[in-house]
Each structure stands twice: as structure tokens, then as C-alpha cells.
1. Set the bar at 31 Å for Cα to Cα. Now go through A:Lys45/A:Lys465; A:Lys76/A:Lys442; A:Lys76/A:Lys402; A:Lys465/A:Lys520 and name every pair that lies beyond it.
2. I'd like to check one number: the per residue accessible area of chain B, probe 1.4 Å, reported in Å² as a whole number.
3. Would you grab the residues whose amide H sits under 5 Å from the one on A:Leu315? Only those 5+ places off in sequence or on another chain, please, with H modelled 1.01 Å from N.
4. Rounded to the nearest 10 Å², what accessible area does A:Glu311 show when all protein chains are kept and the probe is 1.4 Å?
5. What is the magnitude of the charge dipole of the protein assembly as shown about its Cα centre, with +1 placed on the Cβ of each Lys and Arg, -1 on the Cβ of each Asp and Glu, and no other charges, expressed in debye to the nearest 20?
6. Dipole of the stretch B:19-328 (Lys/Arg Cβ +1, Asp/Glu Cβ -1, origin at the Cα centre): which of B:Leu97, B:Phe113, B:Val196 lies farthest to the positive side?
7. Please work out, to two decimal places, the log10 of the ratio I(q)/I(0) at q = 0.10 Å⁻¹ from a Debye calculation in which every Cα of the stretch B:19-328 carries one identical scatterer.
8. So what is the calculated 222 nm ellipticity per residue for chain A, using -39500 (n - 2.57) for each DSSP H run with n of 4 or more, over all residues, to the nearest 500 deg cm²/dmol?
Amino acid sequence: MLHHTLTFRTIAFSLPKKVILNDAPDPDNAPETGGVAVDLRNVTKSFGGVSAVRGVTFAIAPGEVVALAGENGAGKSTIKNLIGGILRADSGDINVFDAPQSSGVAGLRAQGVSTIHQEISLFPHLSVAENVLINRLGQYSSFNVSQRRLIRDATPYLERVGAHFPPSTLVADLSTGQAQLVEIAKALADDPRVVVFDEPTSSLNLAERERVLTLVEDLRDTGVAVLYIGHSLDEIFRISDRVVVMRDGAVVGDEATFDLTRSSLEQLMVGRELAEGYPALEKPGETIALRVRAVSDDFVHDIELEVHEGEIFGLAGLMGAGRTEAARAIFGLSTATGTVEVQGRAVRRNDPRAAIRAGIAFVTEDRRDEGIFLERPIRETLTVVSLDGLLRVPFLGLIDRKAERAAAASQAETLRVSARAGLEAQGGSLSGGNQQKVVLSKWLSTNPRVLILDEPTRGIDVGAKAEIYRILARLASESLAILLISSEMEEVLGMSHRIGVMSGGRLVGTLDRAEADQAKLIRLATGGAL
Amino acid sequence: MTAPARSNRNVLRRVVGFLGEYPLIVAGLLLFFVFAAIQPHFITGSNVVNILIQASVLLIAGTGATFIVMTGGIDLSVGALMFLGAAILSSTLFGVLPPLVALLLVPIVTMIFGSLNGLAVAYAGVPAMIVTLASLQVFRGIGGHVTEQRSFIIPDGLRVAGEGNWLGIPAPIVIAAIVVILGAYVLRRTRLGRFVQAVGSSRSAAANAGLPVGWVLVAVYAIGGLLAGVAMVVQLGRLGAVQPTLDSGFELTVITAVVLGGTSLDGGRGGVIGTALGALILTIVENGLVLTGASPYIFDIVRGVVLLAALLTSGAPRRLLSWIKRDREEVLDTPLNGPSLH
């Protein structure tokens, strides 16, 4: 059964921590469900005439994990904000334990509803302990809040989420993943009966991810009602009892997880059958497009790799293994030693402009902050790296607006960016998938020979992901050399000709697609030998 | 929807779109009529010319400051820089060099000092607020040292930019108009302008795209310094004298005009035309209060209230616009990124 293979894969994925096979949740074994924890009836919400959520009805029972699935823009976040009390519904009812939902975040907390937002909402200059207990500070003496007591009281919650850093640390000094764990500990400190998780694992490493998923299962077993929003189908199949699927603001499916397969779920989310899996890759060429020799800096050591024309070289590894840092060093964004050659010609080191001229393009991990200009017209992001070719009087730097508009339009056309409000709309108005396509087109306008992509499909919905894969396969067939960094093992395995694995800042092994599998990648990534 | 209704809607959309971009036009006209109703002399041709002359220094300095604020920076040193220029002109250049050469040299000197701000912001990684807070004191100190805190009378030969009349138009208006139009053009239509907006929108995205971020930052502070010098040349021409407190606190008026004009202090959004409207509004208020015989002590109060009121109401045209074009808006997942203008 497909479902079982998936569960197994998730486990293999998180080797070697957990060996017990955690089979699908057994419906008979669930704690007795006393009524309904959260009940949404015919809930509707619109913004400025645009309906975001239409007639949504579903319920979550105590001791049940309900996954909310859907593409970006399907209305998941609106539902989260409605349940979390940040928005009020235009019409319909939301009941919490058979009582009408109280208004405001504080009132909801009293009703036992905690929401763990994807955007971290901690106080960076307060300690971890203070942040965890922030909603309960009123219980302490108002003149002297004893740090020791705070630390003592916060420790159990931190242990529960597997946070292994001192509670006295300032939140500002934590990594994103660690801050996410504090955010979860803070929600637990409110002693909730309903917890809404919004993509809690997107910034976590494997061990942390496993810990959070186990925690969700613990919460369920103690009778807490959980709404779990996530893009990872693996996680949804692993922990949920039921999946509510949304599309265009409406619920299009509400099924027991047991009755779903991966493809039936994808089909529900997208509304059509997805092309099967990953596109076929053509055989790469002979010429070496990118040659990296002995590149080292503060984070990576002795990176050596070659990517041929038309080849997709996947770079796998755990979070913190140095994949992003390797890409930054190759592109010249850090002060690194060693040599980088593009088609046999050495690239001046530590100068991104020289790298761009030599034909390297770098699609960074954080497209919102580092790739697209959120507040500027989409057109400006599209043309910013190729502006030199769009000038009327190059000496004065006068932009040829007609040429610029035409260039932007044809770029958007090539990758089929769907910007309903046109290319003059702000970059921030696009969906994640379209933002990524804009960033890709931006770089393609420089006619690169080598394309480096860092987590190109993170936070992108299923349909857009498949489209990005097709684009990459096509670019490779047009003899572009691609270096693909991804935390999703399946993606690396499905989309690469060869796969390099990094661990501790070093490239510890390179595998051909044919010989690679998840177990081997994990073994290399965790410092083992083949 | 029927065809005429649609075209009406388009016209409405355009008008509101324009006003949405420059909500100050409405506010400016409103103020204008209020003052005109109280004091008929306010709308005479000579007073309108007067307002433009009074606004010229702020228009010129504000244009430079707009470039800086667009990158997410700020320049607290602009008033001190202007004083520095005036001090050097009055105490050292005058008498040594021919008047015209001395006048031309001043903006160059202020441009060099301004780019020092830019170098510190771009390459030393110090926040612009701190860099220019420090340079404010250094510049004023140099100016005070050079003049030994004395006052100077400016000879007529150096007053052409303030007193002159070119083609029947007072020189300050001509200079301010050229600066504003050129500034708006550079910001909107040139590669430098695009880079300024890109750096202000996201410095790391700009760096990753291989833009010369450091160079852009130095350039905007250099432009700010250059225009501070030009503003000073006009101002001296009008005042005819330098005293030690010249332009003390002027940086706050400049920033008020920039913010009033809709440029975001976070960078990336805004423009020179907005700043020009902001500068004109501030001047209209001041001129109107003088003409209507209001107490000079309330000027600052009114300025502050105008700034707050403008910022509080500036969302209104945007909201109206998003209502009009709602049929085109994308459905957004989070309300926090709600519909917006551009």
C-alpha cells in the first residue's frame, strides 16, 4: 500500500533516531473524544470584495490531528487566522468546546486555543525562558521577576520540544530553527486544548523535525485537538487522522487519512491529475561547465566539484551542512580561497559581478528577502540584472522603457509567470511559485551557463513545484549546467544526474543517480561511510 | 458591465490612482482655498511667486534627501552641511577666487563631504542615523571653526542665484524646477535610479543580483551633498548673510518634506515629485499663516499636525483605489499583504 511505503520513508528519512515503525494512527485506539473541540460552520471571509474563504465547514475533535492541505492561496492561512482569533469571520459560526469563540487572542487563550505561527513572534532581546512564559508573567511578583524561577518554570516546556540550549539565551542569538522550537514551547506553556500548527517544520533540521512530529503525536495522545497546516505530504500522512483539503477558499475534501493516497490527495489539492513524478532528464553533455577547485572559507572546506553542460548536480545534506555556504562561496558572496572556472575560464574570486559576467546565476534560498523586490513592480525585478542591455544612452544610464517592458513581458512569457494584475503589480502580490518563477526569469535574462538554485521549491505548492521541475529539466536539455541544493531528499534524487552530499562543511561523497537512494544519502549526511 | 460604465470606471481609476500616488495634491489645494478664503492677498500672482521662491531651498535640499531616504538611509547632517558650505564660501573662497568660480566650488565641496557620509554608511557598516548624527556635529564644528562664529555679509556678486531673474523668472524658482525635474527623471528613468530603488527595497537582494550596492550608497549621499550645496548657494543669495545658526535644525524640515511626500523611511518606495509637493505644502502653510496674521509661535505646531494628519489620512486614496480595482486584485492568502496600489 502506497501509504505504508510513505510512512516507512519518513522513518528512513529520520534515521537513526527512531526505529519503531509508527504505523498509521489507529482510530480505535484514540482517546475518548468528548464532543467537538473546534467547530467551523459555514464560515466566510472576504477581503475588499475578494472572498478568501467560502462556506467552510469542518470540525476537530479532542485527541485528533486534522491536517489542512491546499495550494498557496487556497485559504489555509485565513482559516488559521480565523481560528486563532486574528481575523473575524464575515458570516458563519466558530465554536470552541460548544461555546462561541471568544474575541481576541487573549480571550481565545483562556478558551485553550494556541496558534503557532510560521512567522516567529518572539521578543528577540528577552531570554528564551521569558519568551516561553511571556503570557504568564503576570503570575510572578511584579517587582522582581526572578530569572532563576523563570528558568526553572520554563525548562519542562523546553525539554518537551527538545530544545537543548540554555533557557537564559537571548532569542536574538538563536537560529531560526531554534526560535521555532521556542515558539512551540511558548504555546505549550499556555496549557492549550487546541493547537494550530502552521508549517512548524519548514525551518527545522531532521532531528528537530522528528521531535516536533513526535510532540504532535504526544499532544494528540493527551487529548489535545490539533490542526496541522503543512506542505509536506510525508508529514501529513505520518501524523494526521484526517485531511481537510481546500481549494480556492472552499473545502473540496474531508477524508480520513487512511483512505487517501498521495496521488489522490495531490489531485484534490490541485483539482486535476498531476503529471507523474519528476520529468525525464536528458543525458548531459561532455564539456565541463563549472569546475570548482579547493574552495574554502569560514564555513566550507575544500569543495571540489564539476558540473557538465546539461547536467543537474544535486547537493544534499542536513541543515547546517554548508550547502548554502558552498553556493555563496562559489558565487563570490563570501571571502573564499580556491578557484572557480566556467567553461575553462577562471572567474575572479569573491566578486558576484564577475561571477555573473562569467555566466553564473544564483537563485537564493530566501526569495522574499533576497530575490524579489516585494514593494517594486515585478518588471523591475525581472530586468534588474540585465539592465545594462536595456539602456538608450549607456553612458548616462537612461533606461529604454519600451525595450524594458518588452524584455520583462517576454521573460514572464517564457516561464509562464501568471501575474493576474500585470507586471506593474508589486512583487509581493504574487504567489510563492510565481515569485520563484520571476526570480528564475530574472537570472535567465543574463544567459547564464551555470545556474545555482538554493531550495527552489521550498514553501511552493504541489502544482507550482511540478512546473519548476519541468522548467529545470528543459533548461538542462538546453545545455545549462545546474547546481541544485535541496533539503528534500526525494527532490534531489528525482531531479539530479549526480548527487553530492555535504556534511560539516565538506563534500563527503558523490553518487550517480542510479546508485543513490535515501538511506545512502542519510548515511553520508550524518557522517557515516558507504 | 456595460461599456460606458467600464470606461467611466477607468477614468475614475486613473484619477484616483494619480491622487492615490500623490494624496498631497488634494491636501495642498484644500489648504490653498482655506487661506485664500481668509486672506484674499494669498492668491495674488506675486504671492504665488513668493511661495515658490520661499520653497526653493527646501525643494532643492529635499530632492537630494529623497535619494538618500529611498535607499533606506537618512541624512541628519544636511543643515550642517549647508552651513559648512556657506562658511567656506564666506570666509575663504570669497576674495581669493572670482565669484562665479567660488559659487561653483561650493556644491563640489559639500558633495565631497556628503560622500564621506556615504562611504561610512556603505563600507563601515554604521547606521546612517549614527553616521549623520556624528557628521552633523563635525560639519557644524568645521563651519564654526572656519568662521570663528562670526557673521558675514555676502557681497552682491555672490547673490545671483538668489536675486537673479532669468527670462523673467526668479532664479531660485528656475534652479529648484531644474533640480526637481532632473531628480525625478534620474530616479525614475535611469539605471542609477533603478539601483537606488532596488537597494532600498532589499539590500541583500540587490547584493545577490550583483548590483554595486556600496557605489549606489556613496552616490546617493554625494547627490545629497551636491544638492545641499546648491540649496545653500540659492539661500545665501536670498539672505545675503551667514550667521552661526544658519540652517540649524533644517534637517528636520527636510525630512518632514520627504516623509510628507510619501517616501517610506524604510526605503524603496517614494519619489522626488512627492517630496516637492511636501515642500510646497509646508511652505504654503507657513506663508498662509504669516499672511493671515497668525502667531509665529504656532508655526511649528501646525507643521507637526500637518505631518501627522497627512500620514494618518494617506491610506484613504489607496483604500478607495483598491475598492475600485477590486475585480483585478489577486486573492491573497494573508490579509496582512492586503491589496495595494502599484
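1. A:Lys76/A:Lys402
2. Result: 44 Å² of accessible area for each residue.
3. A:Leu484, A:Ile485, A:Ser486, A:Gly500
4. Ignoring ligands and nucleic acids, A:Glu311 comes out at about 10 Å².
5. The dipole magnitude comes to about 2580 debye.
6. B:Val196
7. Debye curve over Cα of the stretch B:19-328, log10 I(q)/I(0) at q = 0.10 Å⁻¹: -0.56.
8. So the helix-based figure for chain A works out to -9500 deg cm²/dmol.
The values are calculated or read from the model by the stated rules, or taken from the named source; none is laboratory data. Here the structure is a predicted model, which means the values were calculated and not measured. In this analysis, Cβ positions are derived from the backbone assuming ideal geometry, glycine residues included, and neighbour counts consider all displayed protein chains. To get the accessible areas, we keep the full protein, side chains included, count just its heavy atoms, and leave off ligands, DNA and RNA. Shrake-Rupley method; radii C 1.70, N 1.55, O 1.52, S 1.80 Å.
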